1. Looking only at region 191-211, count how many residues are more than 22 Å from the chain's Cα centre (by Cα) and closer than 17 Å to LYS178 by Cβ.
2. Just to verify a result, which residue in region 202-234, among those that are of a type outside the set (A, V, I, L, M, F, W, C), touching a residue at least 40 places away in the same chain (Cβ under 8 Å) and out of contact with any Ser or Thr (no Cβ under 7 Å at 6 or more places or on another chain), is surrounded by the most Cβ atoms within 10 Å (Cβ to Cβ)?
3. Looking only at region 260-293, count how many residues are more than 15 Å from LEU231 (Cβ to Cβ) and at pLDDT 95 or above.
4. Applying the selection to region 250-291, what residues are within 17 Å of LEU219 (Cβ to Cβ), within 17 Å of the chain's Cα centre (by Cα) and surrounded by fewer than 20 Cβ atoms within 10 Å (Cβ to Cβ)?
5. Please go through region 80-128 and pick out each residue that is assigned to a helix (DSSP H, G or I), small (Gly, Ala, Ser) and either open to solvent by 10 Å² or more (accessible area, probe 1.4 Å) or farther than 23 Å from ASN316 by Cβ (or both).
6. Is it true that some residue in region 32-39 is within 25 Å of TYR298 (Cβ to Cβ), touching a Gly at 6+ places or on another chain (Cβ under 9 Å), among the acidic types (Asp, Glu) and open to solvent by 10 Å² or more (accessible area, probe 1.4 Å)?
7. So, GLY102, is that one without any contact (Cβ under 8 Å) to a residue 12 or more places away in the chain, farther than 16 Å from ARG303 by Cβ and out of contact with any helix residue (DSSP H, G or I) (no Cβ under 7 Å at 6 or more places or on another chain) or not?
8. Does region 141-154 include one or more residues that are without any contact (Cβ under 8 Å) to a residue 40 or more places away in the chain, surrounded by fewer than 24 Cβ atoms within 10 Å (Cβ to Cβ) and over 30 Å from THR96 (Cβ atoms)?
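The values are calculated or read from the model by the stated rules, or taken from the named source; none is laboratory data. A quick note: this is a predicted structure, and the numbers were derived from the prediction, not measured. Neighbour counts run over all protein chains shown; Cβ positions are idealised from the backbone, glycine included. Note: areas computed on protein heavy atoms with side chains; ligands, DNA, RNA excluded. Shrake-Rupley method; radii C 1.70, N 1.55, O 1.52, S 1.80 Å.
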Amino acid sequence: MMNEIYENYNHLIDLNQYSVEQWDDMLRLAADIKRNPRIYENSCIGKIMGTMFYEPSTRTQMSFQSAMLRLGGGTIGFVNPQTNSSVAKGENLKDTTKVVSGYCDVVVLRHNLEGAALAAAVNADCPVINAGDGGHLHPTQTLTDLMTLKEETGSLSGLTVGLCGDLKNGRTVHSLIKALSCYKNNKFVLISTESLRLPDYIQEPLKAKGAEYYEISSLEDAFEEHALDMLYMTRIQRERFENVWEYRSQADKFILDTEKMKKAPEKMLVLHPLPRVNEIAIEVDDDPRALYFKQANYGMYIRMALILQTINYELNNSPVLIGELRDDLECRNMKCITRAETYLPKSFKKSVGESGDIYFCEYCEESVVGI
């Protein structure tokens with residue numbers, strides 16, 4: 001039955017803002033919505049969701065819209081800022097966010113620059129949900145993945161998880177690894193080329209938690225050496241590369257087809273955040289282990305739960321930026337939102353390293369050696 005008392009989630013920028021217990025509460029709510037949709041169909045009457053999509057999207061955008069409509073609310077927003085918003089006239093993220101957040105009760109933002117969701121939350125007058133910020137994070141896709149695993153396996157612990165493809169730029173991979181490393185006894189098999197390996201800022205949390213992980217360059221070797229419970233395939237993302245030649249050098253390195261599936265564990269689930277290009281052959285769709293279309297459907301229910309967890313509360317006065325403001329430091333990540341939106345406060349979190357203080361940009365998590 002519907003729980004009338006929700007935690008005050010406010011913004012959702014990174015899942016690690018909240019406890020594992022809060023994630024589990026949301027997963028239980030999403031499962032109840034899936035089983036009893038009629039109970040929730042009037043939950044958001046009179047509420048409006050604003051979508052600000054600076055990058056193309058099918059599943060994330062439409063599942064959010066469908067989620068809000070199924071809850072009885074309405075939607076406004078844009079999906080191509082260069083043709084149907086004032087972004088085409090040079091409006092900055094602050095001004096767009098300030099205006100849109102005044103028209104609605106929750107903003108869902110997808111942006112091509114890393115840290116954009118946090119930057120929007122700094123100036124928003126309603127909760128902001130991160131629907132993907134560049135190659136950084138994608139927490140609502142991770143909630144989708146967690147729901148899929150929980151519903152299909154019954155547990156989020158003790159899993160052997162393979163992740164294959166663009167692990168460097170894959171925001172879905174980054175968010176999923178950070179989340180699953182918070183559950184007990186999960187181990188990770190990281191399948192990629194050397195140039196697309198998992199970045200250090202995602203490997204560090206794994207090391208800190210003592211999580212077991214392996215880096216492998218072949219799907220066949222992963223199947224032979226590890227009993228995978230789940231294989232998370234990702235596409236090589238052309239939009240994250242500086243030029244087409246660099247992209248072509250990495251494309252087609254990993255393709256899951258029926259021959260490889262014959263070597264895979266019998267009960268291994270195949271997930272994919274979609275869209276796919278050619279990294280999963282079409283004939284694999286008929287394999288009962290292929291769950292990526294069912295996974296996309298789970299995304300609507302978990303986003304219905306997320307909307308309910310955020311929209312029924314006024315924004316509290318908690319500071320959005322909690323790092324140290326340092327005008328003498330600059331994020332070196334050229335894809336960081338602070339490079340484009342130069343008015344933003346430069347906020348860094350500090351860690352003590354072997355060679356001295358290390359600062360991490362609070363927006364994109366890139367490391368900067370202190371001075």
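1. Counting residues in region 191-211 that are more than 22 Å from the chain's Cα centre (by Cα) and closer than 17 Å to LYS178 by Cβ gives 1.
2. Residues of region 202-234 of a type outside the set (A, V, I, L, M, F, W, C): 203-205, 207, 209-210, 212-215, 217-218, 220-221, 224-226, 229, 232, 234.
With touching a residue at least 40 places away in the same chain (Cβ under 8 Å) added as a condition, the list becomes 220, 226, 229, 232, 234.
Restricting the remaining residues to those that are out of contact with any Ser or Thr (no Cβ under 7 Å at 6 or more places or on another chain) gives 220, 232.
Working: GLU220: 12, TYR232: 29.
Once the filter is applied, the top-ranked residue is TYR232.
3. Step one: of region 260-293, the residues more than 15 Å from LEU231 (Cβ to Cβ) are 275, 277-278, 282-283, 286, 293.
Pick out the ones that are also at pLDDT 95 or above and you get 282-283, 286, 293.
Going through region 260-293 one residue at a time, the tally reaches 4.
4. Across region 250-291, the qualifying residue is only ARG276.
5. So the first thing to find is which residues in region 80-128 are assigned to a helix (DSSP H, G or I), and the list is 81-84, 86-89, 93-103, 116-123.
When the remaining residues are screened for being small (Gly, Ala, Ser), the result is 86, 88, 101-102, 116-117, 119-121.
SER86, ALA88, GLY102 - these are the residues of region 80-128 that are assigned to a helix (DSSP H, G or I), small (Gly, Ala, Ser) and either open to solvent by 10 Å² or more (accessible area, probe 1.4 Å) or farther than 23 Å from ASN316 by Cβ (or both).
6. Looking only at region 32-39, we keep the residues that are within 25 Å of TYR298 (Cβ to Cβ), and these are 32-39.
From what is left, the residues that are touching a Gly at 6+ places or on another chain (Cβ under 9 Å) are none.
No, region 32-39 contains no residue that is within 25 Å of TYR298 (Cβ to Cβ), touching a Gly at 6+ places or on another chain (Cβ under 9 Å), among the acidic types (Asp, Glu) and open to solvent by 10 Å² or more (accessible area, probe 1.4 Å).
7. Numbers: without any contact (Cβ under 8 Å) to a residue 12 or more places away in the chain: no; farther than 16 Å from ARG303 by Cβ: yes; out of contact with any helix residue (DSSP H, G or I) (no Cβ under 7 Å at 6 or more places or on another chain): yes.
The answer is no for GLY102.
8. For region 141-154, residues without any contact (Cβ under 8 Å) to a residue 40 or more places away in the chain, surrounded by fewer than 24 Cβ atoms within 10 Å (Cβ to Cβ) and over 30 Å from THR96 (Cβ atoms): present.
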